[in-house]
Amino acid sequence: MNGPDPVARTLGRARMELVLAHPFFGAMALRLSLREDTGCRDLWTDGLTLGYNPNALADRDEEDIAAMLAHVILHVSFEHHLRRRGRDKALWNKACDLAINGLLVEAGFTLPRGYPFDAARTGQTAECIYAALAADREERPGGGGGKPAKRREAASPEALGGGEGNAPFAGKTPEASAATAALDAKAAKMTRQSARGDKDAPDKARDGAPGGLAGEVRDHPDLSGDPSQAKGRDLAAKVRQDVSQSLRSAADMGNLPGNLARQLGELARPKLPWATLLRRFILSRAVGDYTWSPPNRRHIHAGLYLPSPRSQTLGDVVLAIDTSGSVGRALLAAFCAELSAILDVCDARLVVYFCDAAASQPVILTRNDPPLRLFPTGGGGTDYRPVFWRVEAEGLRPACLIYLTDMQCDRFPDEPAYPVLWAAPASPRTRPPFGEVLELPPL
């Protein structure tokens, strides 16, 4: 009986090495399904699958394969598989490579041979780099036809009509400019031996591998055809959730370079107003009730008679309020006003606990009660566990729990079976081990 494929074993060990030594990359790598593909050059990903060519990886060691894995993981993390939007595939891949390979060098990886690097591109979006590369190609004889295009420096994604409004690398920071020479020297030192005798590797097949793109990023399969904008937003939101969770996995290790952590954090952080995010979090747990009388008017013009929503049932929503004193009255009032407006459209019961080192008796409110106005009293030490204990002891099965706190506590319970939202003033210093974080603005 034949044993496991040695390349598959090496690939598996490289993934585990990322989990141990580079937890962000390891956590993201474990989200991808492995697929053997002898038709690709080495590795590729579409955000769901990690394709690999065992023939091309046969002579690579674990360190080299780990760097290649980290490369495709950054493609996914920066949503390159969602942002091509009809651009030339090969040129888009090269632009994306140049956007992330400087970050791999900063993270301490040795770039695999044939992977392009230009420190001057560090800090630019893939869309900006693509525009510059396209202009260069048009300027070359026979490159684009017609009159040579005027050379364009990296433009903003908005000016190019591409990229996300909050895409990473929105501009080149002074720190990035000052570090360009150092990055060039570091990358040259780290790749000199592996690149010896392989100067034309980016443009030619090597090691008996098929032609194609090294560390290729492909479009997400759900973006084929004519996908809706909502589909693209949903896919991007899923990636940002994965990135946020993986960043938390890496936070304790503290080995993620500051530049990479900052840019990934900016990408993962939602740009929507906090009230919109709060509304989405709560209402996504509601169960709708529909009626045929009257039918849904939005679809009658298309000849479709569908039921219209009659009501939404949410059940219990638990609100825990930290009484340590760091949550100001103005912020609490704004939060309660928004929460009241959300619950006004749902058949729900709000169960409120005040908590410092112990949880108070619950205050039960419904949408038939006056507008929500809460004035917590108390103070002292903070412990998050008592509220969760009370919920369990009283037999509640909430649709969700919202904890309004300053996040100045590290005493967390075990993760409960229901969703949890931690609402905290901007930039909390402590990241919870579970649940989502909603950053509230200072008021």
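The values are calculated or read from the model by the stated rules, or taken from the named source; none is laboratory data. These numbers come from a predicted model, not from an experiment. Note that we place each Cβ from the backbone using ideal geometry, even for glycine, and neighbour counts take in every protein chain shown.
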> If you go through region 383-404 one residue at a time, do you hit one that is at pLDDT below 90, among the hydroxyl-bearing types (Ser, Thr, Tyr) and either in contact with a Lys or Arg (Cβ under 8 Å, 6 or more places away or on another chain) or not in a strand (DSSP E or B) (or both)?
Replying inline: no
Report whether or not Val217 is over 13 Å from the mean Cα position of the chain (by Cα), surrounded by 19 or more Cβ atoms within 10 Å (Cβ to Cβ) and outside the structural domain of Pro432 (by TED's automatic domain parsing). yes
Among Val19, Val7, the single one that is among the hydrophobic types (A, V, I, L, M, F, W, C) and free of Cβ contacts under 8 Å to residues at least 24 places away in the same chain is Val19
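Would it be correct to say that Gln245 is within 30 Å of His75 (Cα to Cα), surrounded by 14 or more Cβ atoms within 10 Å (Cβ to Cβ), of a type in the set (S, T, N, Q) and modelled with pLDDT of 75 or more? Reasoning before the result, please.
On the way: within 30 Å of His75 (Cα to Cα): yes; surrounded by 14 or more Cβ atoms within 10 Å (Cβ to Cβ): yes; of a type in the set (S, T, N, Q): yes; modelled with pLDDT of 75 or more: yes.
It is true that Gln245 is within 30 Å of His75 (Cα to Cα), surrounded by 14 or more Cβ atoms within 10 Å (Cβ to Cβ), of a type in the set (S, T, N, Q) and modelled with pLDDT of 75 or more.
Scanning region 321-373 for residues that are aromatic (Phe, Trp, Tyr) and at pLDDT 85 or above, which turns out surrounded by the most Cβ atoms within 10 Å (Cβ to Cβ)? Write out each step before concluding.
Filtering region 321-373 down to residues aromatic (Phe, Trp, Tyr) leaves 335, 353-354.
Subset that is at pLDDT 85 or above: 353-354.
Numbers: Tyr353: 23, Phe354: 21.
By that ranking, first place goes to Tyr353.
Kindly state which helices (runs of 4 or more DSSP H) lie completely within region 25-114 and contain at least 2 residues that are touching a residue at least 60 places away in the same chain (Cβ under 8 Å) and either within 27 Å of Gly225 (Cβ to Cβ) or in contact with a Phe, Trp or Tyr (Cβ under 7 Å, 6 or more places away or on another chain) (or both).
Working: elements: 54-57, 62-77, 89-106.
Of the helices (runs of 4 or more DSSP H) lying wholly inside region 25-114, those with at least 2 residues that are touching a residue at least 60 places away in the same chain (Cβ under 8 Å) and either within 27 Å of Gly225 (Cβ to Cβ) or in contact with a Phe, Trp or Tyr (Cβ under 7 Å, 6 or more places away or on another chain) (or both) span 62-77, 89-106.
Can you say whether Ala58 is assigned by TED's automatic domain parsing to the domain that holds Ala107 and over 22 Å from Ala237 (Cα atoms), as far as the supplied structure shows?
On the way: assigned by TED's automatic domain parsing to the domain that holds Ala107: yes; over 22 Å from Ala237 (Cα atoms): yes.
Criteria met by Ala58.
Quick one: which residue in Ala67, Ala99, Ala21 is at pLDDT below 90 and of a type in the set (A, V, I, L, M)?
Details: Ala67 fails: at pLDDT below 90; Ala99 fails: at pLDDT below 90.
Result of the check over Ala67, Ala99, Ala21: Ala21.
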